[in-house]
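The next block holds one structure in the form of structure tokens; read it before the comments.
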Amino acid sequence: MSRLAASRRTEASMHRSSDSLARTRGMLVVCLGVGLMSFGATEFMYYLLVPDLGRRWERLIAEGVSALVVALLTAKLMHAANQRREAELLRMQVISEMNHHIRNALAAISLSTDSIQNQACIRVISGSVDRIEWSLREILLRRKPLPEGEDTNLRYFRPRRDAETPTRGRDAIHS
């Protein structure tokens, strides 16, 4: 069993490193293309607008340096975007795994209430299970942050508008 797990980890590591290498190559190709396009566009503009400006080799050096700067900035932006994407992917994987394990545990707790004779205890357990499932559905899987001041609208226990008594459940959430 441990050999199988070790081989799977090795395969996953090799797959990640080959993906990383392919992404790095792709990023280098894009950055090189952006740098060359920058160089070409600048040279073309000099040719059209001011062909007599300065010595040619000085102009080519200046254009090359500016193209290099543009390529490096492009690489930095792409790297930052890749890091954000990987961080978001990791967060989604953690959320998915937590959701899976918590729901499995809740299923076992819900099924265990059949053997309990105390109705008050069953109500407390069922209410707690409902609240955890609500939080997994409404909070954990939220796609974007709530606007300022709207965070009180998603409380599980929330006072009614017409009375100060707490209500519970989905109807209270959407009322």
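Electrostatic tally near Pro51: other residues with Cβ closer than 12 Å to its Cβ, Lys and Arg +1, Asp and Glu -1, net 0.
Residue order for Leu89, Leu136, Leu72, fewest other beta carbons within 10 angstrom first, comes to Leu89, Leu72, Leu136.
With the alpha-carbon atoms of segment 2-143 aligned to their principal axes, the span from lowest to highest coordinate is 96, 40, 15 Å, starting with the largest.
Taken together, the values in this text are just the output of simple stated rules run on the coordinates, not laboratory data. Please read all numbers here as calculations on a predicted model, not as lab measurements. Virtual Cβ from ideal backbone geometry, glycine too; neighbours counted across all protein chains shown.
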